[in-house]
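Written below as structure tokens is the structure these notes are about.
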Amino acid sequence: MSAPDHTSTTDLTTQPSTLASELFAPGVGAQAGPPTTPAADTGSAGEAAPGAHSHGGPTPTGSPAERLTSTDPDAFGVPTGREETWRFTPMKRVRALLDGAPSDAHLTWTTDLPEGVELTSVEADDPLLKGLPEPVDRLAALTRQRSGGAAVVRVAQEAQLDRPVTLGLAGAGGDDVVWGQLVVEVGAFAKATIVLDHTGLAKYSGGVSVLIGDSAQVTLVSVQDWAPGAVHGGQYDAVVGRDATFRQVVVTLGGDLVRLVSNVQYAGPGGSAELFGVYFADETQHQEHRLWVDHAVPNCTSNVLYKGALQGEQARTVWIGDVRIRPAATGTETYELNRNLVLTDGARADSVPNLEIETGEIVGAGHASATGRFDDEQLFYLCSRGIDAETARRLVVRGFFADVVQHIGIDSLQDRLMGTIEARLGALPGLEEQEVPA
């Protein structure tokens, strides 16, 4: 893989990879990906295990439990838009990525690496890449194939970083697709925050795999603040070690089309995953977020909270949340929530939570989804205290997003993103024409 352009406190070099098995305790699998065949005790394809409970997609075709994974793009075929995983995506806009043409184009990298972190690269045949969770669709498989290797961020065992690892990935335009693969390895008992900040103009397809060692604490922040016209597709995978904690915060504001697939798997019991997301789609923007949380081992927890807002003609957001609790995953506790705020006519939000439970021995599981306009009671409360209608609506939206953005934990980045949201709200049309309830 050609090295990305970057400025850094650490040079990008090619070194032998650290095997994923070094991150986890003996006897704990290096990765537990969504299987291409049913797991033990789940019954045959299309049949639920005894006592199973399922919400969501049809069975057998399209069920999250049967999701195909492969490193071969041809295993998925060429999407037409009629497939369950592509039916919400505007195929004309994503076609440039799905065509899969080889390219030497790259993003420009700027990096800030604290002590205890190294940035290296590995070639396509490196054992590290062969042990990663497999792609879940054709685009992710093309990315793995076309990237020619991967950049690797390594955080040493027991490291306590004094500041976040920051990778700025900027596009400079051009018609060629940029293919990229990033692997983040965090050693046991380490604590780290990694920020991926996407800006500029590009047609970009990227894969990100985060391998979290036992008892480590990792926060991954991915910001999509692209320029108008950018197209971004990506697969994010997290493998959570025994008693480890993973937090992911996804913020999608820019670009013409952004389609991200986030997957969480547990490599040992006691793991915890929190997935937070904020997205704000303006006129003609398409923002699509798909999540898969696979509970396959005992006593793990997951919590999902995504919030989105839409304004303008043909603004479109899609959120798909899939959680599976396998028969062996006793003691699981999970909840997922998606809320969407439609600010103007002509915008559309699709929200599909799915929950599949194959054991009755869990702590709790649930999901919820809500899409609507402003909360009239909140608006009335603010207006009754002398705040004008337009300001009141902006305060409601700011509060709507703030409880998610605060999970980033980096004040300067939080302020920047909330500033971008405020600027978007400044373009809201005709607020004074909408009646405030008396």
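Every number in this text was worked out from the coordinates using simple rules, so none of it is lab data. These numbers were taken from a predicted model, which means no experiment stands behind them. No Cβ is skipped: glycine too gets one built from the backbone with ideal geometry, and neighbour counts run over all protein chains shown.
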For Lys203, other-chain or 5+-apart residues with amide H closer than 5 Å (H placed, Pro excluded) are Val178, Val231
In this structure, the FRET efficiency calculated for Arg95 and Asp176 from their beta-carbon separation, with R0 = 22 Å, to the nearest 0.05, is 0.95
So for each of 191-201, 258-268, 78-88 I average, over its residues, the number of other beta carbons within 10 Å; can you give me the resulting order with the highest mean first?
258-268, 191-201, 78-88
Distance between the stretch 120-181 and the stretch 193-268 - C-alpha centres, whole angstrom
11
Grab the Cα-Cα distance for Ser103 and Arg373, subtract it from 0.36 nm times how many residues apart they are, and report the gain in nm with one decimal.
92.9 nm
Along the stretch 382-388, Karplus-curve 3J(HN,Hα) (6.51, -1.76, 1.60; θ = phi - 60°) to the nearest Hz, with x for Gly and Pro, reads 5, 5, 5, 10, x, 8, 5
Tell me, what ³J(HN,Hα) does each residue in the stretch 244-250 have, in order and in whole Hz, if you take phi through Karplus 6.51 cos²θ - 1.76 cosθ + 1.60 with θ = phi - 60° and put x for Gly and Pro?
8, 10, 10, 10, 10, 10, 10
Each residue of the stretch 72-82 in turn: what ³J(HN,Hα) in whole Hz from Karplus with 6.51, -1.76, 1.60 and θ = phi - 60°, glycine and Pro shown as x?
9, x, 5, 5, 9, x, 9, x, 10, x, 8
Express in nm, to one decimal, how much length is gained between Asp112 and Arg82 on full extension, taking 0.36 nm for each residue of separation and deducting their alpha carbon distance.
6.5 nm
